[in-house]
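*Asks:* My questions all concern the structure below.
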């Protein structure tokens, strides 16, 4: 993906809150961070299961639609919004 097609913090609004991955696990979205090398936006989120690890994923991948054998839809869907936007 080139920079012109990459979502940025200014062009994509993502709500803080609890999201469910299409495989079923839930995560809390904390913020959007910029990569120091490419300045691409990444979502910072925490697993709400197990060791509750902190993860990052490119924003474009976080908001994309996926097509798998038994599923077609968003990679993550908002299930509980926070009072704050990012």
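Every read-out reported here was derived from the displayed coordinates using simple, explicitly stated rules and does not represent laboratory data. From a predicted model like this one, the values you see are computed outputs, not experimental measurements. As a convention, Cβ positions derive from the backbone with ideal geometry for all residues, glycine included, and neighbour counts pool all protein chains shown.
*Asks:* Restricting attention to region 14-30, which residues are on the phi < 0 side of the Ramachandran plot and either assigned to a strand (DSSP E or B) or touching a helix residue (DSSP H, G or I) at 6+ places or on another chain (Cβ under 6 Å) (or both)? Steps first, please.
*Replies:* Filtering region 14-30 for residues on the phi < 0 side of the Ramachandran plot gives 14-16, 18-23, 25-30.
Result: 15, 16, 18, 19, 20, 21, 26, 27, 28, 29, 30.
*Asks:* Count, please, the residues in region 31-44 that happen to be outside any strand (DSSP E or B) and either surrounded by 13 or more Cβ atoms within 10 Å (Cβ to Cβ) or in contact (Cβ under 8 Å) with a residue 60 or more places away in the chain (or both). Give the derivation first.
*Replies:* Narrowing region 31-44 to residues outside any strand (DSSP E or B): 35-40.
So of that shortlist, the ones also either surrounded by 13 or more Cβ atoms within 10 Å (Cβ to Cβ) or in contact (Cβ under 8 Å) with a residue 60 or more places away in the chain (or both) come out as 40.
Summing the residues that are outside any strand (DSSP E or B) and either surrounded by 13 or more Cβ atoms within 10 Å (Cβ to Cβ) or in contact (Cβ under 8 Å) with a residue 60 or more places away in the chain (or both) in region 31-44 gives 1.
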